[in-house]
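Take a look at the structure below.
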Amino acid sequence: MKKRLLFIPLLLFCIGIQADDTESVKKQINSIKKDSQYIYADVTAGSVEDAKELAEEALYTNINEWSANQKKLGKNGASDAHKEKWTTIVIPRGNMFRSFMYVQKLDLLKEGSAESQSELPKQEVASATPSASTFPDVVMDIASCTEYADLAAKITNLKEAGKISKYGRYASLDNPQDYYLAIYNREGKIVAVLSAGTDRVNVQTKQADSEKNYKGCGAIGFKMTN
């Protein structure tokens, strides 16, 4: 059977607000920077590629410093950089580009370690609600995408595999609250994946969130197969 490709034009339909407003993304970044359960890098450069490359180098350095400090404290630290668990946000800053990359410290802990649950102060673990296990593996797989093209291909493959029952542009969804939302910005970067329901949760940050917080962004809704 001929393979069908997902084709959803990369158009910025407004989720309620003007297209050039990036304040909600900035608020999300500031919230993450204030949360001690994350390691991050924040870099501005003349091009998207340079900004992402420099942010990646900076995040590697910050992860290594954190890992070394964990070992000094007699803890397990990080097994490796776990790049697939990083999240990238790119937004314009004047005539330049800001690349913000972050990863949750819990994702850097060695798997299977008996000390994994005590690696971080208890208050940091408690702040991550609901836990990552709340979300199905399919959702976490989609949330690992950082580029629109990768997202579109992954959703197509998951639909063909029967793991997703329906998908579509936000404006075409019959009951949007029944769908998970993958939100992308004007540069085709995935900035968030939100849970289904009227009270949504950001899959990456595990914090309460809403599509209304992503002014000017587009979104693809997808529904899990029961």
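Within the range 180-194, not a single residue is at negative phi and free of Cβ contacts under 8 Å to residues at least 12 places away in the same chain. Candidates in the range 201-212 are the residues that are in contact with a Ser or Thr (Cβ under 7 Å, 6 or more places away or on another chain) and buried (at least 21 other Cβ atoms within 10 Å of the Cβ); of these, the one that is nearest to residue 49 (Cα to Cα) is 204. The strands (runs of 3 or more DSSP E) falling completely within the range 130-194 that include 3 or more residues that are farther than 20 Å from residue 212 by Cα and either of a type in the set (Gly, Ala, Ser) or touching a helix residue (DSSP H, G or I) at 6+ places or on another chain (Cβ under 9 Å) (or both) map to 164-169.
Applying the condition of being aromatic (Phe, Trp, Tyr) and over 15 Å from the mean Cα position of the chain (by Cα) to the range 1-57 and asking which residue is modelled with the lowest pLDDT yields 13. Looking across the range 162-171 at every residue that is modelled with pLDDT under 90 and open to solvent by 70 Å² or more (accessible area, probe 1.4 Å), the one that is farthest from residue 223 (Cα to Cα) is identified as 171.
The values are calculated or read from the model by the stated rules, or taken from the named source; none is laboratory data. Keep in mind that this is a model prediction, so the values were computed, not measured. Cβ sites come from the backbone with ideal geometry, for glycine too, and all protein chains shown count toward neighbours. Accessible surface areas use protein heavy atoms only, side chains included; no ligands, DNA or RNA. Shrake-Rupley method; radii C 1.70, N 1.55, O 1.52, S 1.80 Å.
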